[in-house]
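What follows is a short report on a single structure.
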Amino acid sequence: MDPALTRRSLLVGALGVGAVGGLGVAKAAPSNAAVTAVARPSIASCAAWGARPATGTVGMTGPPQKILVHHTASANTTDYSQAAAYSLARNIQSWHFARGWIDSGQQFTISRGGFTMEGRHRSVEGLGSGSSTVFPLGAHCTGQNSTSIGIENEGTYTSALPTSAQWDALVALCAYLCQTYGLGPADIYGHRDFLDTECPGDALYANLPQLRADVATRLGTTNPPPPPTRTWPTLKQGSSGFRVTAAQHLLRHSGRSVTADGAFGPGTAAAVVSFQQAGGLTADGVVGRATWEAPLAVTCRQGQTSDAVRGVQSALTAQGYAVTVDGVFGAGTASATQAFQTAHALDADAVVGPNTWSGLLA
Ligand SMILES: [Zn+2]
């Protein structure tokens, strides 16, 4: 969740419980149809770690469609004790109360010592007693709270990685959640897949394919997890057109100096390489899925003014929607976005997240 480290998400409003909707992710078919049973991991309840009562009613929703991985962006402590884990859980709840939330925003927390804890009250309840289709409505990712389960991993994983105990606990919890809720490894995402945020850190995000693979192994699936369902154009030197223009606007948004002229020349290639190197990606100068989702295609919404918004507007224009390419995401851009979303069976929330970007660039 790392509100402290989000680059721009603080500008987009409160990450409140009331924020529902979603980006219209096309849900992959569960790939755990014939699997070995995954044992339920030990999860310390709110009572065990000393949670304060929620300040409002924690409602249940469901079924979940995905699991979102977060990092707490707190210190990479070497205190791996249960006491430290429980203290972390209490601190997170206090931080979230301070944000005006009724309880911890995330459903589960994993400490660097590998202790798995209930976050929001009723999360353990949601896992049990024949109630396999409900989970508590969380507050960990705007637009995804009614459809996803959030896991906070203690630490800052921009370059470091979780401890092995923490990784093992994350794999075990994700596998159990998949089994309980009929999800597959491809339903595991990072927070940044849906919001313009550093979370869960470049290093942990880069290891999500490994997490999906480890969860698949734990589930006993023999086939590799299906790839995400979003499709992206591949752009490289010599490419031209509105997709290149959009990519150039997005590169400018990331701080690279390129001209948004729709022609992918050496300057654009160098900017792509720079972007890729900064993100730990293969620096080949080719804009493919990994680069789009790094994300080069950052989430845009009403109220923002940026080069990324120019990219949205240039793509909308190319798709036949009359908007001014001025970088200001106002009512006109919002209504054009909603019209595009409606026409393409996306959630018409006027937020240009990964799925809408993918559609705009198709
Ligand atoms: Zn996060």
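Below, the figures for the structure above:
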item	result
Under Karplus coefficients 6.51, -1.76 and 1.60, residue-wise ³J(HN,Hα) of segment 326-340 in Hz, glycine/proline x	10, x, 9, 7, x, 5, x, 5, 5, 5, 5, 4, 5, 5, 4
Derived scalar couplings ³J(HN,Hα) [segment 92-105; Karplus, 6.51 cos²θ - 1.76 cosθ + 1.60; whole Hz; x for Gly, Pro]	4, 4, 5, 4, 6, 4, 5, 7, x, 7, 7, 5, 3, x
Integer Hz, Karplus 6.51/-1.76/1.60 couplings in order for segment 197-202, x for Gly and Pro	8, 5, 4, x, x, 4
Other-chain or far-sequence residues with amide H under 5 Å of D196's (modelled H)	T299
Inter-label distance, nm, simple model (7 Å from Cα along the C-beta direction), H344/A160	4.0
Under-5 Å amide H pairs with H121, H placed in peptide plane, nonlocal only	S104
Range of Cα positions in the chain per principal axis (Å), largest first	58, 39, 39
Accessible area of segment 274-341 divided out per residue, in Å², using a probe of 1.4 angstrom	37
Average Cα contact separation per residue, segment 242-360, under 8 Å, 6 or more apart, as relative contact order %	23
Ranked by how many other beta carbons lie within 10 Å on average, peptides 48-60, 183-195, 166-178, 311-323 from highest	183-195, 166-178, 311-323, 48-60
Sequence-separation-based contact order of the chain, relative, with Cα cut under 8 Å and 6+ spacing, percent	19
Theoretical gain in end-to-end length, T55 to S81 [0.36 nm per residue, Cα-Cα removed]	6.5 nm
Peptides ranked, highest mean first, by Cβ atoms within 10 Å: ranges 204-211, 234-241, 118-125	118-125, 204-211, 234-241
Amide H contacts under 5 Å for Y157, placed H, 5+ residues apart	A73
Sites A283 and T305 - FRET efficiency at Förster radius 30 Å, r taken between beta-carbons, to 0.05	0.50
Rounded percent of accessible protein surface that carbon and sulfur make up, the chain, 1.4 Å probe	54
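The values are calculated or read from the model by the stated rules, or taken from the named source; none is laboratory data. All of these numbers come straight from a predicted model, not from anything done at the bench. So basically every Cβ, Gly included, is an ideal-geometry build from the backbone, and we count neighbours across all protein chains shown. We work out accessible area using only protein heavy atoms, side chains counted, and drop any ligands, DNA or RNA first. Shrake-Rupley method; radii C 1.70, N 1.55, O 1.52, S 1.80 Å.
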